[in-house]
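See structure below.
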Amino acid sequence: MGTVQLTIDGYKIEADESKTVLEAALDNGIYIPHLCHHENLHPNGGCRLCVVKQDGVDGVITSCSTKVKEGMVIHTKDEQAEAIRKLSCDFMFKTHPTECTGCPKYGKCQLASISQYVGDTGRDLRYCQIRVTADESNPLMLHEMHRCILCGRCVRACNEMRGVGALKFEKVDGRMRVVINGDSLEEAGCRFCGACVEVCPTGSIRDKVGVFDDNLPKERALVPCREACPAHVNVPKYIRYINEGNYAAAAATVREKVPFPETLGYVCVHDCEANCKRNFLNGAVSIRNLKRYAASQDDGSWKKNAFQKPDTGKKVAVIGSGPAGLTVAYYMRKLGHEVTVFEKLPKAGGQMRYGIPSYRLPREVLDAEIAEIEAIGVKIECNSEVKSAVELKKDYDVVYAAIGTHAGNKLPLENNDLPDVYLNADFLRAENLGNPLPVGENVVVLGGGNVAIDCAETAVRLGAKHVVMTCLEAPDKMTASAEEVTWAKEDGIIVENSRTFDAIVAENGKVTGLTVTGIEGLKFGPKGPEFTRIPDSTVTFPADTVIFAVGQHPDVTEEFGVELNRGRIVVNPETFATNIEGIYASGDCVTGTRSVIQAVGEARLAVSAMDQYLGGDGNIEENLAPEQDANPCIGKATEAQRANRTEPRTIDAADRVKNFEPMDLGFDCSMAGCEADRCLQCDLRLQIAPQKFWSDYVPEEGGAE
Amino acid sequence: MKNLLVVSCLKDDNYAHISIHLLKEKLADVKAGVEKKAAELQADVLYLLPEGEKVDGIDCEVRYGAYNPTLGNPYSVAQLLAGNLPRPMIQDDFVATYEDYEVSVMTPEEAYLLATGKNVRFVAVTADGKTEIKEVEIGTKAGSICDAGSAKAVLIGGQKGTFVKPESLADYEIRADRDDYAITVFNQDECMVQTAVSIMEQAWASSCGKCVLCREGTLQFKTIVTEMTTGKAKVTDLDLIREVGELIEIGAYCPFGRAMAKPLISAVNLFQDEFEEHIKRKTCKCGKCYKAAAVYLILPDLCTGCGDCVDECDEDAIDGKANFIHMIDQDMCEQCGKCVSACDEDAIVKWEDAKLPKLPKKLTKVGKF
């Protein structure tokens, strides 16, 4: 590419010959007003704001669509050009609402910014506002086309950049308008990529309030799935790889942030799905099952890209081999430290092995992922209980405690100490150790979370005939995921919502039932739940076995040596350091029972903090997947792309309750492809250059550098 | 990429439908020119005809569309072919594409000239409501092809043209490099303001809407000139038209946009008195304007100041307070007539006479006027 010399406003400028006069000027800190021009769109030339004077040419030239040429002499502040700009501004403001302060785009409006720069002539032109009411029919985007100044950036973005064509120009009663190319955006094949919103200079096309979090920086807010994930897994990137059929790259993308891709594919609580923009349309993308499919196709090709720093000679002890402990062990080893994990139970995995039942997470999957961690040199010592972290610290440079919450909570009910009354943690651990606790015909589980469902389902599989789950929460407020509640009901588990527990009924030291009373108006106040008891609604569910599934707490005492508060380990929320230097902690034992992904996400932060403490840079970012050049031209939505959420294949209820084999079979290849195609690719919007204002171009007073 | 040569008949001005005339009358020559150009470009050929027109003897693909002054621009044509509104792209090295074609455009007249090698152009001469399309040697004096002896004005160049006095025709030379495709004669009974309204309405409808100056300029001109026929315009509007129009001539995006103000500016310059009469005296000597334009008035001797009319007016055009004679602000009145039925005293009337009765200029107590 050759370069040419030209003169703009007296400044000698060298520019690549492919540049336009406008680009050359802006690159050199000389601002020329422009509105219909957008750096990601083809030049247009319609707004007439970028006109400039070229020596030797009559009239004015359009700087956005005129290429630079050798020896050109340009005057951006030519009197005639400025008069034309002012006229264009005058005209646009005669069609645009006069009141700015009521507009949601106030302060971020490019039209207002330009008019401040260009100035007003006060000409006695006629007001010709476009009378069109707001179109709020779409759940994601709002059209207030009475503010539209017809720069056409949205139409061009939708057509040229995206290949969708959901917006078009149309003359309505003689007036030019931007309209939807169909009865609705869905009909028009809209992909809901938001490019139109991103390029609109005024407040005409906007995201609806509540779709994105206004308090976050744009690059985080615009991709809500990635933002919601505690480990910030790059969801759109791996879904795009799945859509392309490149499953290994998808798996590698997940692994960039988590050492348990496939385990998470089975059991993740998927906050990403809860925040998926597609929820506003027809159901979130089934992100977890996509991850599971991709991870199952992993060919290990990511390993050649994984970093491994040279040995540092520092020794790290990890107490507990749950998701937090193993994540820390994995990354600390990659950072070059010598890592030993101490696990109290016979095998590694923590709640992934001793809490989550095997019908939800096949143990081969977990074993394989733990083997991957051991393969890089992490030592795991099972059946090794650490009584005191402080004692352990004497032999190590850093001790990290992630001892989880392995003790169940027991409510102060009458008869709660009888042998037929179990705690969730004990009940699930016994089953997973191969020595299940016996259950009677009638089992009542107290609690409404995922662990309560695990207990109820385990009881069913252990042979209980009638299993009842009862909880304070109403059906729509249960903390268990809706999918799991549905499956539980299919498996014959009866869910009794909005009940408070009065007493465990017993005869001769044997549990016979649980007495509950209906409640309403449930709130969680500072002292716990608040509600009103409904009179005459007390009933007794017959029970031979009662299982408490109302929370868990760390199995830890003062002997451990670090500061505790209400039974949990206290850490600095930013550094994860305990009160004892060199001892760190995170995971459930700090936060109370959360999730695998939460544990992994925090463990990554703790790793950075500990590595820095040991003198490292704390950087564990890695690019395991290939660079992805996402194609912005996504085309009109197909029938498949508009389809409802793909549901996974499952084993029939009658069969699955007989054993602990996996019951959710996830997706096959074609289901994964279809579901991946539903992704709205919210991240594409980040490819679009942010809107700039005149003050952004001018380096300092006076123009060119 | 393949080439597509589009023979566009849709660029024509409202005053000169020359292309379709040539296809009907000179098809053999046009086809010969098109074939020559197509061979040079190795292009497939497509004819773009006005909707509803049928031409026998075209053996290429034919598509239909509405007239638009931008349809000589390849990008604009490509947009139309793709089902979008036409809008031009004028840019260095720009290639217009439609499907897998690169689009080039020629008019039937260009094809005819290419085939015949003649040094002529076609001119649509309109007088007394009749249009004749004449083949004219370049350099011919306009006076020799058009007799406008007793006419009021002549518009040379249609929607992109300039009004001149009839006597100017004699020395006016028809040229190839300007918009001399139409000569339109306006007789003495034509009101120039009304003519300007009609030309600006056409310009507004013709504007593709891409460029702010043309899209909003045509709308402003249409609105302002129309106000001159209903008494809402101000004297300063004539200078406003000239000033804005001259900027548009320099600053608009495409040739049509830059030229569309010329008929209006030239009419204002040539017939300043007639425009001023419309604005200041609210009269039209030709009797075309203000005739049907109803003005609603509140007769001061009948109004009781009850205020019923105020509530009825959607435009808030009625000024008044209890026991004062109410007044209609003619600038704001939209002539809907709702106030007439709201008045129990029959004080509000539709006034069709150009001469208005004596009316209060400021709020006056009932009975004091």
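The values are calculated or read from the model by the stated rules, or taken from the named source; none is laboratory data. In this text, all values refer to a predicted model and were calculated from it rather than measured experimentally. Neighbour counts are summed over all protein chains in view; Cβ atoms, including those assigned to glycine, are modelled from backbone coordinates with ideal geometry.
Some observations on this one:
- Condition check for A:Asp90: touching a helix residue (DSSP H, G or I) at 6+ places or on another chain (Cβ under 9 Å) and at pLDDT 90 or above: yes
- Taken residue by residue, region A:6-16 has no member that is of a type outside the set (D, E, K, R) and at the interface with another protein chain (Cβ under 10 Å from one of its Cβ atoms).
- Subset of region A:509-527 (residues that are surrounded by fewer than 14 Cβ atoms within 10 Å (Cβ to Cβ) and over 13 Å from A:Glu473 (Cα atoms)): A:Gly509, A:Lys510, A:Gly525, A:Pro526, A:Lys527
- Residue within region A:142-150 that is within 14 Å of chain B (Cβ to nearest Cβ), in a loop (DSSP other than H, G, I, E, B), in contact with a Lys or Arg (Cβ under 9 Å, 6 or more places away or on another chain) and not small (Gly, Ala, Ser) present: yes
- Scanning region B:104-113 finds one or more residues that are small (Gly, Ala, Ser) and outside any helix (DSSP H, G or I).
- Taken together, B:Lys141, B:Lys165, B:Lys152 contain a single residue that is more than 14 Å from every other protein chain (Cβ to nearest Cβ), crowded, with 17+ Cβ neighbours inside 10 Å and of a type in the set (D, E, K, R), which is B:Lys152.
- Selection within region B:51-103 - among the charged types (D, E, K, R) and either surrounded by fewer than 22 Cβ atoms within 10 Å (Cβ to Cβ) or more than 11 Å from chain A (Cβ to nearest Cβ) (or both): B:Glu51, B:Glu53, B:Lys54, B:Asp56, B:Asp59, B:Glu61, B:Arg63, B:Asp92, B:Asp93, B:Glu99, B:Asp100, B:Glu102
- Inside region B:137-172, residues that are free of Cβ contacts under 8 Å to residues at least 60 places away in the same chain, under 15 Å from B:Gln188 (Cβ atoms) and not in a loop (DSSP other than H, G, I, E, B) make up a count of 3.
- Matching entry among A:Val443, A:Val421, A:Val399 (being of a type in the set (Val, Ile, Thr) and within 25 Å of A:Asn565 (Cα to Cα)): A:Val399
- For beta carbons closer than 9 Å, sequence separation of 6+ or different chains, a first residue in region A:17-30 that is touching a residue at least 40 places away in the same chain (Cβ under 8 Å) and over 13 Å from A:Met72 (Cα atoms) and a second that is surrounded by fewer than 20 Cβ atoms within 10 Å (Cβ to Cβ) and polar (S, T, N, Q), there are no qualifying pairs.
- Across region A:25-40, the number of residues qualifying as in a helix (DSSP H, G or I) and closer than 21 Å to B:Tyr253 by Cα comes to 1.
- Residues that are more than 35 Å from the chain's Cα centre (by Cα), surrounded by 13 or more Cβ atoms within 10 Å (Cβ to Cβ) and hydroxyl-bearing (Ser, Thr, Tyr), drawn from region A:121-150: A:Thr121
- Scanning region A:173-216 for residues that are of a type in the set (Asp, Glu) and free of Cβ contacts under 8 Å to residues at least 24 places away in the same chain yields a count of 5.
- Selection count where residues are assigned to a loop (DSSP other than H, G, I, E, B) and touching a helix residue (DSSP H, G or I) at 6+ places or on another chain (Cβ under 9 Å), scope region A:53-68: 5
- Subset of region A:69-96 that is among the β-branched types (Val, Ile, Thr) and in a helix (DSSP H, G or I) - its residue that is nearest to the other protein chains (Cβ to nearest Cβ): A:Ile84
- Residue count for region A:45-61 satisfying the condition of being over 18 Å from A:Phe91 (Cα atoms), within 12 Å of another protein chain (Cβ to nearest Cβ) and either crowded, with 18+ Cβ neighbours inside 10 Å or β-branched (Val, Ile, Thr) (or both): 5.
- Filtering region A:151-197 to residues that are surrounded by 23 or more Cβ atoms within 10 Å (Cβ to Cβ), more than 30 Å from A:Asp90 (Cβ to Cβ), within 14 Å of chain B (Cβ to nearest Cβ) and of a type in the set (Gly, Ala, Ser) leaves only A:Ala166.
- Selection within region A:123-136 - within 14 Å of another protein chain (Cβ to nearest Cβ) and either among the polar types (S, T, N, Q) or more than 19 Å from B:Leu219 (Cβ to Cβ) (or both): A:Gln129
- Where helices (runs of 4 or more DSSP H) sit wholly within region B:173-272, those with at least 2 residues that are more than 14 Å from chain A (Cβ to nearest Cβ) occupy B:192-206, B:262-270.
- Residue check for B:Ser104: closer than 13 Å to B:Leu46 by Cβ, touching a residue at least 24 places away in the same chain (Cβ under 8 Å) and not assigned by the TED database to the domain that holds B:Ala259: yes
- Matching residues, region A:611-621, being within 26 Å of the chain's Cα centre (by Cα) and of a type in the set (A, V, I, L, M): A:Ile620
- Any hit, region A:97-120, residues being outside any helix (DSSP H, G or I), over 29 Å from the mean Cα position of the chain (by Cα) and within 14 Å of another protein chain (Cβ to nearest Cβ): no
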